[in-house]
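Q: Dropping the structure in here first, questions after.
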Amino acid sequence: MTSTPVPYNITNDNVIMLLFIVNIIGMAYVLMMNGTSIMERAKGIFYYQRNSTPFNDRTHITKICNALMYAQTIFYLTIITLIELQKGGLTLGEDALIYTGGFALFFILVLLAKKWIYDLVNNILYTKKEAQEFREIYFFTIKILGFVLAPAAIALLFIPALSVNYVNFYLLLTLVAYIYTIINGLFRIIFTKKGNYLEIFLYLCALEFLPTAMVWKSVLQLSEFITIKI
């Protein structure tokens, strides 16, 4: 009697579990070596002072921590996306790790593209100082996103019995917090004059809402491509 092969599930992949452990160790290292600076920077986002000293992120240790934080954000974005797509019917098959790496590369390219677009627009429309200050806030938000997404990834990987509604609600709160942080940074640094609501709306539509919708559409198209190929 031949047994039916068990469909691939990312939550049972040993390589993914190993990468997850490495990421947890990386998070602990970042908090141990740079936790105080991260807290000070997070506080500075919400209590921004226009003449404050720029955040120093050029030390050797901080550069390592920044790289680890970016890697964590990419990893958790990839894992959460794949698990959510699997729940929607996506089957990865034997090439699961290749597709996982493909999604990770996709998110890296998205972040690089957004950096280029933000730099281009802000450097043209606003002063160099304003553009640099907002860039610091934006990319600090991206780096810290890995810490925020970690609980959702842990729940999806290790607590499958947990209601998916709780996880989705947490992810929705994360999205709201992300948008709030971006808008808060815009108001404090760039749109300091009252009444620029149309400019703010167009700015967010062009640089946040439209790109986010395009990214999600691209993710769905990648999912369909994988399904058809398998």
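Q: Can you tell me how many residues in segment 124-158 are closer than 14 Å to Ile189 by Cβ and either in contact (Cβ under 8 Å) with a residue 12 or more places away in the chain or in a helix (DSSP H, G or I) (or both)? Give the derivation first.
A: Taking segment 124-158 first, the residues closer than 14 Å to Ile189 by Cβ are 125-141.
Subsequent filtering for residues that are either in contact (Cβ under 8 Å) with a residue 12 or more places away in the chain or in a helix (DSSP H, G or I) (or both) retains 125-126, 128-141.
Final tally of qualifying residues: 16.
Q: Still on this model: In segment 98-134, what residues are among the polar types (S, T, N, Q) and farther than 30 Å from Ile79 by Cα? Break it down into steps so the answer makes sense when it comes.
A: Of the residues in segment 98-134, the ones among the polar types (S, T, N, Q) are 100, 122-123, 127, 132.
If the condition is that a residue be among the polar types (S, T, N, Q) and farther than 30 Å from Ile79 by Cα, then Asn122, Asn123, Thr127, Gln132 are the ones that fit.
Q: Also: Does Gly102 satisfy the criteria of being of a type in the set (Gly, Ala, Ser), under 22 Å from Gln221 (Cβ atoms) and modelled with pLDDT of 70 or more?
A: Working: of a type in the set (Gly, Ala, Ser): yes; under 22 Å from Gln221 (Cβ atoms): yes; modelled with pLDDT of 70 or more: yes.
Here the answer is yes, as Gly102 does meet what is asked.
Q: Could I ask something else about it? Give the residues of segment 105-134 that are basic (Lys, Arg) and open to solvent by 70 Å² or more (accessible area, probe 1.4 Å), sorted by residue number.
A: Going residue by residue through segment 105-134, those that are basic (Lys, Arg) are 114-115, 128-129.
Within segment 105-134, Lys115, Lys128, Lys129 qualify.
Here's the yes/no breakdown for (1) on the phi > 0 side of the Ramachandran plot; (2) modelled with pLDDT under 85; (3) open to solvent by less than 40 Å² (accessible area, probe 1.4 Å):
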site	(1), (2), (3)
Thr4	no, yes, no
Asn12	no, yes, no
Leu18	no, no, no
Asn23	no, no, yes
Gly26	no, no, yes
Ile38	no, yes, yes
Arg50	no, yes, no
Thr53	no, yes, no
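Q: In segment 141-158, how many residues are at pLDDT below 85 and aromatic (Phe, Trp, Tyr)?
A: Matching residues across segment 141-158 total 1.
The values are calculated or read from the model by the stated rules, or taken from the named source; none is laboratory data. Computed from a prediction, not measured in an experiment: that's the story for all the values here. In this analysis, Cβ positions are derived from the backbone assuming ideal geometry, glycine residues included, and neighbour counts consider all displayed protein chains. Quick note on the areas: whole protein, heavy atoms, side chains included, nothing else; ligands and nucleic acids left out. Shrake-Rupley method; radii C 1.70, N 1.55, O 1.52, S 1.80 Å.
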